[in-house]
1. Just checking, how many residues over segment 65-86 are open to solvent by 20 Å² or more (accessible area, probe 1.4 Å) and under 14 Å from Ala103 (Cα atoms)?
2. List pairs: first residue in segment 68-88 and without any contact (Cβ under 8 Å) to a residue 40 or more places away in the chain and on the phi < 0 side of the Ramachandran plot, second residue assigned to a helix (DSSP H, G or I) and exposed (fewer than 12 other Cβ atoms within 10 Å of the Cβ) anywhere in the structure, Cβ distance under 6 angstrom, at least six positions apart or on different chains.
3. Please work out which one of (1) open to solvent by 80 Å² or more (accessible area, probe 1.4 Å); (2) closer than 16 Å to Ile54 by Cβ is the condition Arg126 fails and give its number.
4. How do the pairs read when you match residues in segment 116-145 that are under 19 Å from Leu22 (Cα atoms) with residues anywhere that are open to solvent by 80 Å² or more (accessible area, probe 1.4 Å), using Cβ under 7 Å and keeping only pairs 6 or more apart or on different chains?
5. Since Thr99 meets every condition but one in (1) within 17 Å of the chain's Cα centre (by Cα); (2) of a type in the set (Val, Ile, Thr); (3) open to solvent by 70 Å² or more (accessible area, probe 1.4 Å), which condition does it not meet?
6. Kindly provide the set of residues from segment 14-34 that are open to solvent by less than 60 Å² (accessible area, probe 1.4 Å) and aliphatic (A, V, I, L, M), ordered by number.
7. Has segment 111-120 got any residue that is modelled with pLDDT of 90 or more and surrounded by fewer than 10 Cβ atoms within 10 Å (Cβ to Cβ)?
8. Is it the case, given these coordinates, that Arg59 is open to solvent by 80 Å² or more (accessible area, probe 1.4 Å), in contact (Cβ under 8 Å) with a residue 12 or more places away in the chain and either of a type in the set (D, E, K, R) or over 14 Å from Ile108 (Cβ atoms) (or both)?
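The values are calculated or read from the model by the stated rules, or taken from the named source; none is laboratory data. This is a predicted model, so every value here is computed, not measured. Every residue, glycine as well, gets a Cβ built from its backbone with ideal geometry; the counts of neighbours run over all protein chains shown. Accessible surface is based on the protein model in full, side chains and every heavy atom, while ligands, DNA and RNA are left aside. Shrake-Rupley method; radii C 1.70, N 1.55, O 1.52, S 1.80 Å.
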Amino acid sequence: MTDGVRVSQADLDQIGRLMQALVTLRETEQAILDASEKYMKLSAQDMRALHYLIVARNRDATVTPSMIAAHLKISPASTTKLLNRLERGGHIVRNMHPTDRRAFAIAITPETAVAAKETVGRQHARRVHAAARLTSDERETVIRFLLDMAQEISITDAEWATQAP
């Protein structure tokens, strides 16, 4: 019995395999992140910034330093350091903003965009292929399960998560 719900041994075994599958997925995703950071010689924060720039480029959106700061939840000073580091590494360019001459528009370089596509982009495409192999009903079941699990384990209302030890 788990939380007042009767669960057979066969169901418990299957739930155990499901939990192990989630662990395997997390470990695989972490290995992808680690390998891509090493390949591109970037930190996780740098990679998140570049991903944001790639998404913005695909949407034909102009990105400012303040937008990057808000997305990454970092200070303007940290954003400046991050952008300086990415610019020195040849990963981004700063141009004058097309409509606001007081601001910069930040863009990913074509070389870095290609490198990201060849690494993380290919892995993401494989995720899409795995999802495409499911039926519509199977995808809805997986979506419902993942969202329900996220809600169940959310720390939003957990006192221990907001209190110092």
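1. Looking only at that region, the number is 5.
2. Between residues of segment 68-88 that are without any contact (Cβ under 8 Å) to a residue 40 or more places away in the chain and on the phi < 0 side of the Ramachandran plot and residues that are assigned to a helix (DSSP H, G or I) and exposed (fewer than 12 other Cβ atoms within 10 Å of the Cβ), the close pairs are Ala69/Pro76.
3. Exception for Arg126: condition (2).
4. Ala131/Arg139
5. Thr99 satisfies every listed condition except (1).
6. In the first step, residues of segment 14-34 are kept if they are open to solvent by less than 60 Å² (accessible area, probe 1.4 Å); the result is 16, 21-23, 31-32.
Once the filter is applied, which keeps residues that are open to solvent by less than 60 Å² (accessible area, probe 1.4 Å) and aliphatic (A, V, I, L, M), segment 14-34 yields Ala21, Leu22, Val23, Ala31, Ile32.
7. Initially, segment 111-120 is screened for residues modelled with pLDDT of 90 or more, giving 111-114.
After this cut, where a residue has to be surrounded by fewer than 10 Cβ atoms within 10 Å (Cβ to Cβ) as well, the list is none.
No, the conditions are met nowhere in segment 111-120.
8. On the way: open to solvent by 80 Å² or more (accessible area, probe 1.4 Å): yes; in contact (Cβ under 8 Å) with a residue 12 or more places away in the chain: no; either of a type in the set (D, E, K, R) or over 14 Å from Ile108 (Cβ atoms) (or both): yes.
Criteria not met by Arg59.
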